[in-house]
1. What are the residue pairs meeting all of these: first residue in segment 335-351, first residue closer than 13 Å to F174 by Cβ, second residue part of a helix (DSSP H, G or I) and among the hydroxyl-bearing types (S, T, Y), Cβ atoms under 6 Å, and 6 or more apart or on different chains?
2. Could you give every pair whose Cβ atoms fall below 9 Å, whose first residue belongs to segment 425-450 and is of a type in the set (G, A, S), and whose second residue is assigned to a strand (DSSP E or B) and away from the ligand (no atom under 16 Å from the Cβ), counting only separations of at least 6 or pairs across chains?
3. If you check every pair at least six apart or on different chains, which have Cβ atoms under 8 Å apart with a residue in segment 480-500 that is in contact (Cβ under 8 Å) with a residue 24 or more places away in the chain and open to solvent by 40 Å² or more (accessible area, probe 1.4 Å) first and a residue that is part of a loop (DSSP other than H, G, I, E, B) and among the acidic types (D, E) second?
4. In segment 453-470, what residues are outside any strand (DSSP E or B) and either free of Cβ contacts under 8 Å to residues at least 60 places away in the same chain or open to solvent by less than 20 Å² (accessible area, probe 1.4 Å) (or both)?
5. Given E268, E284, which one is among the acidic types (D, E), in contact with a strand residue (DSSP E or B) (Cβ under 8 Å, 6 or more places away or on another chain) and surrounded by fewer than 18 Cβ atoms within 10 Å (Cβ to Cβ)?
6. Out of the residues in segment 240-258 that are touching a residue at least 24 places away in the same chain (Cβ under 8 Å) and open to solvent by 80 Å² or more (accessible area, probe 1.4 Å), state the one that is farthest from E109 (Cα to Cα).
7. Please work out which residue is farthest from the ligand (Cβ to nearest atom), limiting yourself to segment 286-328 and to residues that are over 22 Å from A244 (Cβ atoms) and of a type in the set (D, E, K, R).
8. Going through E116, E87 one at a time, which residue ends up being more than 16 Å from the ligand (Cβ to nearest atom), open to solvent by 80 Å² or more (accessible area, probe 1.4 Å) and over 25 Å from V209 (Cβ atoms)?
Amino acid sequence: MSEGERLTELAKRRGFYFPSSSAYGGAAGFWTYGPQGAALKSNIEDAWRDRYVVKEGHQEISAPDVMPEPVFEASGHLDGFDDMIVECGECGATHRADHLVEDNTDIEEAESLPNEEVMDLIAEHGIECPSCHTSLADQPVDNFNLMFETNIGPGSSSPGYLRPETAQGIFVEFPQLSEYARNQLPFGVAQIGKAYRNEISPRKSLVRVREFTQAELEHFVDPEEDEPPLAEVEDVVLPLYAAAEQQTDDGGQRELTVREAVDEDIVESEWVAYYLGVSKEWYERIGVDMDRFRYRQHLAGERAHYASDCWDAESEVDGDWIEITGFAYRGDYDLSKHAKHSGEDYTVFKQYDEPITVDRATVDPDMSYLGPEFGGSAGAVADALEALAERNPDAFDDDEVTVEVDGKSHTVPVDKTNFSVDEVTENGEHIRPHVVEPSFGVGRIIYTVLAHSYETDEVDGEERTYLGLPPEQAPTTVGVFPLMDKDGMDDLATDIADDLRAAGLSVTYDDSGAIGRRYRRQDEVGTPYCVTVDYESLEDDSEAQRASDSASSAEPRSANRSSGQSPREDGDEPRAGTVTVRERDTTEQKRLPIDGLAETLEQLSTGDRTFDDL
Ligand code: ATP
C-alpha cells in the first residue's frame with residue numbers, strides 16, 4: 001500500500017474523512033470530514049486564526065460562497081480560470097492534459113505550456129487515456145472553466161458562481177473594510193471558508209477536490225512606505241527551491257535564513273519573505289515534517305502575469321510534492337480591476353505629515369462649443385481634456401490641444417478649455433494599496449499533517465500504528481478509560497471525564513474492549529494522553545499524592561480484566577486517588593493524582609510541561 005492509500009484507509013476507518021454521498025454512488029471530489037477529521041480541521045483552523053489573525057493583529061470576515069457574475073468578470077476568473085482538458089475519443093473520459101504530461105514525462109509544470117505544445121507532447125510520448133488505455137494522440141487540448149455556475153433566484157437572468165477562491169470576498173468589499181480599518185494602511189483581512197473548483201480530475205483524496213476550505217490573508221500595504229517586521233523572522237531558516245535551481249539539472253534546495261534570502265534577492269518581496277518565515281514556524285507547530293517540506297518559487301511561465309513574486313509551500317507525500325500554500329505579491333491588480341469594473345473607489349486617502357502646496361492644472365471646457373462641435377462625443381472629449389491637464393499640462397501651451405477618444409483625434413482651441421494652473425494646498429493623496437497574499441489550502445494541510453504524523457513501531461511484540469500529532473492539533477486530547485466497567489471504576493472515570501471536559505479539554509470516554517485495544521484506538525487517532533481508572537484509583541483520595549517519581553513502564557499492557565489488576569505492571573505500590581496517565585508516543589505511563597489532573601493535562605497539551613517533568 002502506498003503512503004496515500006494507507007492514510008486514506010486509516011482516515012475512513014477512524015473517521016477522519018471519507019467520500020461523500022456514497023449511498024448514492026458519490027460524486028468525485030467531495031469528501032466529508034468525520035468526527036476526528038472535523039475536530040482536526042477546526043484545531044488547524046484555530047491555530048491558523050491564532051497566528052495570522054490574532055498575533056498579526058488582522059481582522060477576519062466571512063463572505064458568501066455565491067457571488068454575482070460581474071465580480072468574476074472583474075477578477076478575470078470568467079475569462080481565464082481555465083485548466084487544459086483532453087477528452088478520450090474512445091470512452092469519452094476527460095482528463096487534465098497538463099497532469100497527464102507531468103505524470104508521463106520529466107516535465108514538472110506543464111500548466112505553463114501552450115495548449116498546442118501539450119497536445120504535441122501527448123502524441124510524442126504516446127500518452128494513453130488512463131481509463132481505457134486508448135491513445136490520446138491527436139485529441140484536441142481545450143480550455144475548461146473551473147467555476148461552478150448557478151442562477152441567483154428563479155430564471156437565468158442573474159448568473160452567479162460559487163467562488164473559486166475566498167479572496168474575492170475580501171477584495172470586493174475593500175471600500176467598507178478600509179473604512180473599518182480607519183483607512184490606515186497597512187491592514188490585513190483574513191477569511192477561512194469554502195472555495196469551489198470543478199476540477200477535471202479530482203484525485204488523491206483531499207489533495208485535489210471540488211469543494212475545499214481555504215484560509216486566506218489579504219494584507220493591504222502602502223508600496224511606498226510600509227515594510228514588514230522582518231527582524232521578527234530574519235533568522236528562520238527556509239528550505240528554498242528557487243526558480244533558477246529548478247532550471248538546472250543539478251539544482252536543488254538551499255537552506256537560507258529569511259534575511260539571507262532577501263539580501264541575496266532570492267525572495268524579491270520582503271513581504272513575501274516575511275510570510276515565508278512566519279509560515280515555516282507555523283507549519284512546524286502544526287506537525288508538518290520539515291524534512292519533507294520546501295518553498296518552491298514559481299517559474300516565469302507559471303506565475304500570474306500581475307504577480308511579481310510567487311512561492312508555494314510544498315509538502316512531500318508518497319514521493320510527490322504537493323502545493324499546500326501559495327504566497328504572492330499581487331500588486332494593485334485586484335483592487336484596480338474591481339475599481340474599473342464597479343466604478344467604486346478602491347483607494348485609500350493617504351494623509352501627508354504636513355500639507356503641501358502644489359500647482360494644479362485644471363480645465364473647465366466650454367460645452368456650448370464642444371457640444372455642437374463633437375456631438376455625442378463631447379462629454380468624452382471633456383473628460384479626456386481633464387485627464388490630459390492632470391497628466392501633461394504642457395500640452396495646453398499652444399493655441400490648440402488634441403485628445404484621443406475611442407481611437408479618434410479631436411482638436412480643441414485651448415481658450416475653449418478654460419485651462420488654468422492654480423496653487424492648491426493638498427493634505428494627502430489617494431493611493432491604491434498593494435496586496436500580499438498567503439493562501440492556505442486547509443484540506444491539503446490536513447492530508448500532509450496526517451501523512452507526516454503517521455508512525456508505526458512495535459509494542460509488546462506487536463506492530464502499532466499511531467499518529468504523532470502535536471497535542472494542540474489532536475482531535476482528542478485525552479482518552480479516559482475505566483479499567484473495568486464495574487465496582488465504581490466506571491462512575492469515577494465518568495466523573496473524571498466530565499471534570500476534564502469542564503476544564504475545556506477534548507475528551508473521549510471508552511469502556512469497551514481490552515485496555516490495550518483501547519490504547520491502540522486512541523493511538524490511531526493521535527490522542528496524546530490516556531487516563532486509566534483502576535482499583536487503586538478508588539482508594540482514599542486523601543492519600544493521593546503526586547507520583548512524579550513513579551516509574552514508567554513499557555506498554556502493557558494487556559491488563560488482566562478478569563483479575564481486575566491495574567494496567568500498571570511496574571511493581572510500584574498502589575497510590576490512592578490516582579490514575580495512570582499514559583503518553584502516546586513513548587507509551588510511558590505515570591501515576592498521577594486525580595486532584596489537579598485537568599491542570600496537568602492542560603499544561604502537557606500546551607507544552608508548558610513535559611511528561612518527563614512529571
Ligand atoms: P493547483 O495548481 O494545485 O491547482 P493552485 O495554484 O490553483 O493549485 P491556488 O489558487 O494558489 O492553488 O489556491 C491556494 C491553495 O488552495 C493551494 O495552495 C491549495 O492548498 C488549495 N487548493 C487549490 N485547489 C485545490 C483543490 N482543487 N483541492 C484542494 N485544495 C486546493
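The values are calculated or read from the model by the stated rules, or taken from the named source; none is laboratory data. A quick note: this is a predicted structure, and the numbers were derived from the prediction, not measured. Positions of Cβ are backbone-derived with ideal geometry, glycine not excepted, and every protein chain shown enters the neighbour counts. Ligands, DNA and RNA are excluded from the accessible area calculation, which covers all protein heavy atoms including side chains. Shrake-Rupley method; radii C 1.70, N 1.55, O 1.52, S 1.80 Å.
1. Between residues of segment 335-351 that are closer than 13 Å to F174 by Cβ and residues that are part of a helix (DSSP H, G or I) and among the hydroxyl-bearing types (S, T, Y), the close pairs are V348/S178.
2. G428/F349; G428/K350; G428/Q351; G428/Y352; G428/P355
3. Close Cβ pairs (under 8 Å, with a partner that is part of a loop (DSSP other than H, G, I, E, B) and among the acidic types (D, E)) amount to D485/D511.
4. So in segment 453-470, the residues outside any strand (DSSP E or B) come out as 453, 460-461, 468-470.
Answer for segment 453-470, where residues must be outside any strand (DSSP E or B) and either free of Cβ contacts under 8 Å to residues at least 60 places away in the same chain or open to solvent by less than 20 Å² (accessible area, probe 1.4 Å) (or both): S453, G461, L469.
5. Details: E284 fails: in contact with a strand residue (DSSP E or B) (Cβ under 8 Å, 6 or more places away or on another chain).
When all the criteria are applied, what remains is E268.
6. Keep residues of segment 240-258 that are touching a residue at least 24 places away in the same chain (Cβ under 8 Å), which gives 240-243, 246-247, 253, 258.
Remaining after also requiring open to solvent by 80 Å² or more (accessible area, probe 1.4 Å): 247, 253.
On the way: Q247: 11, Q253: 17 Å.
Among those that are touching a residue at least 24 places away in the same chain (Cβ under 8 Å) and open to solvent by 80 Å² or more (accessible area, probe 1.4 Å), it is Q253.
7. Among those that are over 22 Å from A244 (Cβ atoms) and of a type in the set (D, E, K, R), it is D291.
8. On the way: E87 fails: over 25 Å from V209 (Cβ atoms).
Result: E116 is the single residue among E116, E87 that is more than 16 Å from the ligand (Cβ to nearest atom), open to solvent by 80 Å² or more (accessible area, probe 1.4 Å) and over 25 Å from V209 (Cβ atoms).
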